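Some notes on the structure that comes next.
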Number of protein chains: 4
Amino acid sequence: MTLQGWSLPQSPTGTAALVPPPPWHFSGEALGIDFITEPDAVAAVLPSGIEPSGDGSASFVFCDWSSSAERDARVAADPARGQYREAYVTVYGRLDGRNIARVPYIWVDNDLSFARGLIQGFPKKAGSIAISRAVRVGRGGPRLERGAVFAGHVSSLGRRLASGSVTLNEPADGYLPRALRLPVWHTRLVPDLAGGEPLVYDLARNLVTDFALADVWRGQAELAFQDSPFEELAALLPREITGGFRCGVAFTIVGAETRTLGSGHPGR
Amino acid sequence: MTLQGWSLPQSPTGTAALVPPPPWHFSGEALGIDFITEPDAVAAVLPSGIEPSGDGSASFVFCDWSSSAERDARVAADPARGQYREAYVTVYGRLDGRNIARVPYIWVDNDLSFARGLIQGFPKKAGSIAISRAVRVGRGGPRLERGAVFAGHVSSLGRRLASGSVTLNEPADGYLPRALRLPVWHTRLVPDLAGGEPLVYDLARNLVTDFALADVWRGQAELAFQDSPFEELAALLPREITGGFRCGVAFTIVGAETRTLGSGHPGR
Amino acid sequence: MTLQGWSLPQSPTGTAALVPPPPWHFSGEALGIDFITEPDAVAAVLPSGIEPSGDGSASFVFCDWSSSAERDARVAADPARGQYREAYVTVYGRLDGRNIARVPYIWVDNDLSFARGLIQGFPKKAGSIAISRAVRVGRGGPRLERGAVFAGHVSSLGRRLASGSVTLNEPADGYLPRALRLPVWHTRLVPDLAGGEPLVYDLARNLVTDFALADVWRGQAELAFQDSPFEELAALLPREITGGFRCGVAFTIVGAETRTLGSGHPGR
Amino acid sequence: MTLQGWSLPQSPTGTAALVPPPPWHFSGEALGIDFITEPDAVAAVLPSGIEPSGDGSASFVFCDWSSSAERDARVAADPARGQYREAYVTVYGRLDGRNIARVPYIWVDNDLSFARGLIQGFPKKAGSIAISRAVRVGRGGPRLERGAVFAGHVSSLGRRLASGSVTLNEPADGYLPRALRLPVWHTRLVPDLAGGEPLVYDLARNLVTDFALADVWRGQAELAFQDSPFEELAALLPREITGGFRCGVAFTIVGAETRTLGSGHPGR
């Protein structure tokens, strides 16, 4: 019997697999806060091979996503399957002399996104994420207008990890937030329960097409991290908030580019 | 000591109360399916005093809400507090010779909405609700355009109760869905654990201001109910689907109008 | 048509009602921490009519419950329906010259318990509660043995509110923790959306039968509260921890005793 | 900089990693139902290299787990981290002439268990699982006694997938349920987003020590599966229920044994 499915669980027809093969399409609303932390704290979360930017710049982003899969109509058809929220921190560095981004920590509220993220090298954990949604009418939530406040927060294991907000100042057509613009290089790491070196341990970045933004606004921002015994996010303490943005964002992931890691795994 | 708070829990400063006093503001996205069920099934879910419409007409609505409270800035400031999703069925009847609506069953995913609903007479239970969200860019979800499919489903205690979808056909500016237009008369019922008649048992409808719609679309729809040992929704089995809509909707609840119930409570 | 059901939603057969009538049976595992806070902080959370104990004594309790209803077999049959976890703080006072308990704040993770609690006057809110479970074999969790550590925590809206633990010292057959022993007097409060005085506003306590304890252990304890803009729990700051307990506990609620409140409602 | 951590996310001190290295300790309560399905349906969920047992025998198991990690005290210290519930189906076959078990489908409610499972080859998805808990006193839930009914169910994406129950008949000291006794051979599968063959694709089984059972009871059982567009569990339709069990169970996972897979991956 040959079992079918791009991911586990493999099954007779492949219907049961959690993650369908790419291309994967993403459309979402992003709320981002750019900040400065200690340069040493940024350097400390980069793998060997990626050179820190040196200026301590970083971003924290909350996203409310709808996702679909080109070869699996079920992901778009069932909103419980394709929708999810996530929150992540991005730092900046250089690889092969080019500016790149790195996501040391990320939390998500959906198992498809969790497993799909691990395949990419996103170091996802489960979290509860709340993000203000733009409303078109009424006063139940903020509208896309000057002075409106959009807030986000993420918690995990019942502990608040990060809270932020952006007060919209003005539309910024053509502004492309750095956190969304630079290629993100991940570490793919699959430990071997049988012992020894990891089964997979390399650097990877997604190959992305059809990137688009909509309704970009910039504004003043706030951001705070809280400590947890399970996290090291708080080491990236915001020293200065340099700005915020809110926008619609979309892209398609069609594959990945990979590189070997210079150094070995620290092992068990 | 006089404890403060419009609702439980009362506390020294009133900060802890779950439900702030009205006015309450609501802004949301509604996905609705109009259908025909057995007229007898509609009559069976109406309290004495409300005369059935007689044609078996009903609607099922999924809503993705942002809410705020005029006297409590915290509800809007924290998206985990003010946002929620709900799903409900509406039937139609007459009270005092006027057309009215009635919501026999409703499920929601947020405790503020749960408690606030009970105060109004909404017969809320906890449920998990998923609703397609309109996207502005990309292919991760449906856009507001002809042919786009918006889906919703609700489950409770791990059982799917209702699933529906609307395929957008055309914008319908000026169309006001009946499920959103008619006053909804609820039963307020508070049982007395000390025995005897209920502490509260009357009819009530919300006093609503600032009603507004946006981005109204109509389309073809599908709807299915599934049985559960904890529910009687399936008795309102859709015999014919008469149409669907999707729109932004907003209003403010400022108070309530009440009437005594003709008949007594069936008791324990 | 006469609709059936002890609580909302009333329905043709009464099957849909969320809360069945009493008697209700409860069996659970309780983890409790006794502590001393400022006497003034205790006085501040008591309604007029209840005299504070004066010594600042209080308890924080985490409970892992299974519940059933004598007249509704479905509550026991479906573990998703009858099981829940809750966390609450208890303070002590005197009413009519007798020692009583009062629960100013409580969080729960199940809608049946939420609605059933409101009917009793428990000021419940939704929360996420985690509690160590005793294991019989292996090392995956603590056993009921000297030195074992049982922990609990509660969060709401993604914020940690309280964390505690008890390190078992010795079995304490015959020990009856004060937090479980004294009658708890609640405020029943149902605001009127139509304005004016509340529809219900009195004091009530449950009539309880078949109280039983099992496997009572006492030990050293720890407890910490964290602040939240939505809560006033942190005002009951633990100044001194006086002990901890862990036990099985069971009882049946068969009804309630009520008294009128001396003073009026603070209104809107 | 060398990042630390056995799994993602790697971090400066290794504190942030989701999965600590083995040994991992597990203590739980298992509720199992043995059944017969079509032999062809069993054969269809086995990978090449594993020969079906031929008799269509299978088991469905609900487990309420506490887990800890020998080198990470936080997993036991925080019940939100180490506790989880899962539900899975087991079929039986032969590998190298020895009787083995295979878990084609499994659902879990905790991200640590999810990620730890993928490392082992457990094909985990997120699910909501409810399982009756044995009580020591009172009537809120079943006790470990003849005639008591223990129920379990699992749902995913708001759809019920499986429901079962066991009515206890008699204690069965020394009885070792087949579903817990046989080595489980998994497929480890890590797709490569960069294209081509999977990064990992082999067979693996856990190396287990310190296996123990407690409070074993056998009884009559019921089991039903429901269809979902995301699952193939329903193809393993129970034709006959052959028995049920409930027990405490514990073991330690210290590593894994692996074998190469005979055939290639079906690819995208």
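How fast does segment C:66-186 diffuse by Stokes-Einstein, in µm²/s, taking the Kirkwood radius from C-alpha pairs at 4 °C and 1.567 mPa s?
Working: Rh = 16.6 Å.
For these conditions, the coefficient is 78 µm²/s.
Give a quick list of trypsin sites (Lys or Arg not before Pro) in segment C:1-85 that DSSP marks as loop, anything other than H, G, I, E or B, with at most 15 other Cβ atoms within 10 Å. Could the numbers behind the result be given before it?
Details: sites: C:Arg71, C:Arg74, C:Arg81, C:Arg85; in loops: C:Arg71.
Taking segment C:1-85 and a limit of 15 other Cβ atoms within 10 Å, the loop trypsin sites (Lys or Arg not before Pro) found are C:Arg71.
Along the charge dipole of segment D:23-179, which of D:Gly138, D:Gly49, D:Ser165 sits closest to the positive end, that is, farthest toward it, with unit charges on the beta carbon of Lys, Arg, Asp and Glu (+1, +1, -1, -1)?
Of the candidates, D:Gly138 comes out farthest on the positive side.
How high is the relative contact order of chain B, in percent, counting Cα pairs under 8 Å that sit 6 or more residues apart? Don't jump to the answer; show the numbers that get you there.
Details: 675 pairs, mean separation 55.2, N = 268.
Here the relative contact order equals 21 percent.
What Rg and what Dmax come out for segment B:138-268 when only alpha-carbon atoms are used, in angstroms?
19.2, 59
Can you sort B:Phe150, B:Phe225 from fewest to most other Cβ atoms within 10 Å of each residue's own Cβ?
Details: B:Phe150 26, B:Phe225 21.
Placing the least packed residue first, the sequence is B:Phe225, B:Phe150.
Rounded to the nearest 20 debye, what is the charge dipole size of segment B:182-268 about its Cα centre when +1 sits on each Lys and Arg Cβ and -1 on each Asp and Glu Cβ?
180 debye
Taking the Cα centre of segment D:184-268 as the origin and placing charges on Cβ (Lys, Arg +1; Asp, Glu -1), which of D:Gln226, D:Leu189, D:Val208 is farthest toward the positive end of the dipole?
Of the options given, the answer is D:Val208.
Can you classify segment D:139-198 as rounded, prolate or oblate using the Cα gyration tensor, where a ≥ b ≥ c are the square roots of its eigenvalues, rounded means a/c under 1.5, and otherwise it's prolate if a/b beats b/c and oblate if not? Walk me through the intermediate numbers first.
On the way: a/c = 5.14, a/b = 1.88, b/c = 2.73.
Taking the square roots of the gyration eigenvalues as a ≥ b ≥ c, segment D:139-198 is oblate.
Which percent of Cα pairs goes in each bin when the distances of segment C:186-237 are cut into 10 angstrom slices starting at zero?
Spelled out bin by bin, segment C:186-237 gives 16, 18, 34, 25, 7, 0 percent.
Starting with the fewest neighbours, write out C:Val45, A:Val42 ranked by other beta-carbon atoms found within 10 Å of each beta-carbon. Intermediate values should be presented prior to the final figure.
Details: C:Val45 28, A:Val42 24.
Lowest count first: A:Val42, C:Val45.
Where does the Debye-calculated log10 I(q)/I(0) of segment B:26-87 sit at q = 0.12, 0.21 Å⁻¹, using only Cα point scatterers of equal weight, no solvent?
Scattering profile of segment B:26-87, log10 relative to I(0): -0.50, -0.80.
In nm, what does the list of distances from B:Ile36 to its counterparts in the other copies look like, shortest first, when each label sits 7 Å along Cα to Cβ?
For B:Ile36, the inter-copy label distances come out at 5.0, 7.0, 7.6 nm.
Divide the volume of the convex hull of the Cα atoms of the protein assembly as shown by its number of residues and quote the answer in cubic angstrom per residue.
Working: hull volume 164.9 nm³, N = 1072.
Residue-normalised Cα hull volume stands at 154 Å³.
Measuring from a point 7 Å out along Cα→Cβ, what nm distances, shortest first, does C:Gly97 have to its partners in the other copies?
For C:Gly97, the inter-copy label distances come out at 6.3, 8.8, 9.4 nm.
Using the per-residue mean of other Cβ atoms lying within 10 Å as a proxy for protection, in what order, highest first, do the peptides D:89-100, A:6-17 fall?
A:6-17, D:89-100
Only Lys, Arg, Asp and Glu count, each charged at its Cβ (+1, +1, -1, -1), so figure out the dipole size of chain B about its Cα centre, rounded to 20 debye.
Values: 26 positive and 28 negative charges, 94 e Å.
It comes to approximately 460 debye.
What's the FRET efficiency of C:Arg143 with C:Thr2 using the Cβ-Cβ distance as r and R₀ = 51 Å, to the nearest 0.05? Numbers along the way, then the final one.
Values: r = 54 Å, r/R0 = 1.05.
After rounding to 0.05, the efficiency reads 0.40.
Average projected area of the Cα convex hull of chain D, in nm²?
Numbers: hull surface 63.2 nm².
Average projection, Cα convex hull of chain D: 15.8 nm².
Where nothing but the Cβ of Lys and Arg (+1) and of Asp and Glu (-1) is charged, how large is the charge dipole of segment A:36-81 around its Cα centre, in debye to the nearest 20? It would help to have the intermediate numbers written out before the result.
Working: 3 positive and 8 negative charges, 68 e Å.
In debye, rounded to 20, segment A:36-81 gives about 320.
If we count other beta carbons within 10 Å of each Cβ, what is the order of A:Lys124, D:Lys125, fewest first? Intermediate values should be presented prior to the final figure.
Details: A:Lys124 26, D:Lys125 23.
The fewest-first ordering by Cβ neighbours comes to D:Lys125, A:Lys124.
Run through the other copies and list how far each one's label point is from that of B:Arg181, in nm with one decimal, shortest first; the point sits 7 Å from Cα along Cα-Cβ.
Listed shortest first, these distances are 5.0, 6.6, 6.9 nm.
How far is the Cα center of segment C:4-20 from the Cα center of segment D:23-61, in Å?
Measuring centre to centre over Cα atoms gives 41 Å.
In terms of the Cα gyration tensor, with a ≥ b ≥ c the square roots of its eigenvalues, is segment D:1-154 rounded because a/c is under 1.5, prolate because a/b exceeds b/c, or oblate? Mind showing how you got there, number by number?
Working: a/c = 2.63, a/b = 1.20, b/c = 2.19.
Oblate is the answer for segment D:1-154, as a/c is 1.5 or above yet b/c matches or exceeds a/b.
Counting each DSSP H run of 4 or more residues in chain B as -39500 (n - 2.57), what helix-only mean residue ellipticity at 222 nm follows after dividing by all residues, to the nearest 500 deg cm²/dmol? Please report the intermediate quantities before stating the final value.
Working: 5 runs with 28 residues, N = 268.
Estimated from H runs of four or more residues: -2000 deg cm²/dmol.
Read the figures in this text as sums done on the coordinates, not as results from a lab. Please read all numbers here as calculations on a predicted model, not as lab measurements. When we count neighbours, we look across all protein chains shown, and the Cβ atoms used for this are built from the backbone with ideal geometry, even at glycine.
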